[in-house]
Amino acid sequence: MRKLKIVSIVGARPQFIKYGPLGRKLKREFEEVLIHTGQHYDRNMSDLLFKDLNIPEPDINLGIGSHPQGKQTALMMEGIEKALLRIQPDVVIVFGDTNSTLAGALAAVKLHIGVAHVEAGLRSFNKQMPEEINRVLTDHCSDILLCPTENAVVNLKTENITRGVSFCGDIMYEAFLENVRIAGQKSEILQKEALQEGSYYLATVHRAENTDNPDNLWRILSAFNELDRTVIFPVHPRTRQILKKADIRLKEHVKLWEPVGYLDMLVLLEHARKVLTDSGGLQKEAYFAGRYCKTLRNETEWIETLKNGRNVLCGTDSGKIVQECLKSEEAFGKGESGLFGDGHTSEHIVQTLKQFFNEQ
Ligand code: UD1
């Protein structure tokens, strides 16, 4: 029997993490081609992740890079369309909610190629976020909707999407489980930086709503300035560019780092006092690692993490961020796994893909 031909499309940092555990299985079970759109291109944002996650070089790198929203998406679509016409796959797999996701889904659906969406059904219900537009549109043109949580299945149902929907669990949970032990053995970040258990907060800020609005960024950084211990802040290039231009003085205890690799990040997470972030992925990883998270947004797609105050939405309210961080809260042990699946999401995805094509 002919093997199914699959094209996977990645482009931004969180997608390399999601692809990690799945890619190996796709290569084993199907004929698979990996396309990197080039949305993220810095060594620290791309190569380092490929190395940490043991992902082979992409078969095709479109090298699109940074552009305004519309142009970036359009250039990706053009490159992906050309590649798909040449490869003629049975299905295209897209991940998450970035411009690379939407470009891949649109290019494929218009060529009548099946679309599988890993991380389908998430909603923030905030249309100001480019990611929310990307998610909704991608789901509405997908044939196979691979949901990370039961809430995601419900969200799709609310939008009348029920065909092709399955709960597979969260692929980032599988990546976490697979790599946390390896990270503990390989990463030397704590020793190199002389960091002790619980002696620092771990922070990331890169969402457009926070970086592109000077008042929001100012309020977040003012809160960092008021904290009672070191703030380890690996800075996303988007944020770095804005910080260069902004006149914000940071106190000595706020440490601006270059972005770190996945394994170093897992170790930093596991030993942090608390986590402050506007990243969706990091909110979950904090939960998996049993660390309290203070989210620098007003809403979250990952509502499961809010249970028992393990994740608290602080928006950009400096007072609330500081108050939440200073609260005496010890790490709570590893989060309950069931909400994010059984840690075998990649196997469920492979089975779902096979079943879908058997039924065609
Ligand atoms: C993108 C995703 C976001 C995801 C994030 C993870 C969209 C709309 N957003 O946001 O959902 O959470 O990736 O990091 O797709 N830059 C570099 N080097 C790089 C990458 C980016 O310097 O390797 C700079 C660019 O100059 C650009 C800015 O960062 O101006 C933003 O990059 P972009 O890819 O547009 O979006 P992200 O903010 O990274």
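Quick notes on this structure:
- The largest-to-smallest principal axis extents of the Cα set in segment 14-94 are 35, 32, 16 Å.
- Cα principal axis extents for the chain, largest first, Å: 62, 41, 41
- Candidates Ser166, Ser66, Ser346: whichever shows maximal mean-square fluctuation once the chain is modelled as a Gaussian network with Cα springs under 10 Å: Ser66
- Additional length obtainable on full extension of the chain from Ile303 to His67, 0.36 nm per residue less Cα span: 81.8 nm
- Kirkwood Rh, Cα atoms: Rg over Rh of segment 191-299: 0.93
- Global geometry of segment 29-139, whether rounded, prolate or oblate, following the gyration tensor of its Cα atoms and the 1.5 cut on a/c: rounded
- Prolate/oblate/rounded call for segment 239-340, Cα gyration tensor, a/c under 1.5 rounded: prolate
- Probe 1.4 Å, all protein chains present, accessible-area order of Asp278, Asp42, Asp52, largest first: Asp42, Asp52, Asp278
- Only the Cβ atoms of Lys and Arg (+1) and of Asp and Glu (-1) were treated as charged; on that basis the dipole of the chain about its Cα centre amounts to roughly 400 debye.
- Lysine pairs in segment 265-360 with Cα atoms under 23 Å, if 8 or more residues apart or on separate chains: 18
- Restraint check, Lys5/Lys27; Lys18/Lys245; Lys186/Lys251; Lys82/Lys110, Cα-Cα greater than 21 Å: Lys18/Lys245; Lys186/Lys251
- Set of aspartates and glutamates with alpha-carbon distance to Lys3 below 12 Å, sequence-local pairs under 8 removed: Glu29, Glu31, Glu32, Asp90
- Inter-centroid distance (Cα atoms) of segment 55-83 relative to segment 122-153, Å: 21 Å
- Candidates Gly333, Gly281, Gly198, ranked by Gaussian network fluctuation over the chain, Cα under 10 Å, top entry: Gly333
- Shown here for segment 1-88: GluC sites (Glu not before Pro) in loop regions (DSSP other than H, G, I, E, B) with at most 12 other Cβ atoms within 10 Å, of which there are none.
The values are calculated or read from the model by the stated rules, or taken from the named source; none is laboratory data. Predicted model, so just to flag it, every value in this text is computed and none were measured. Positions of Cβ are backbone-derived with ideal geometry, glycine not excepted, and every protein chain shown enters the neighbour counts. Ligands, DNA and RNA are excluded from the accessible area calculation, which covers all protein heavy atoms including side chains. Shrake-Rupley method; radii C 1.70, N 1.55, O 1.52, S 1.80 Å.
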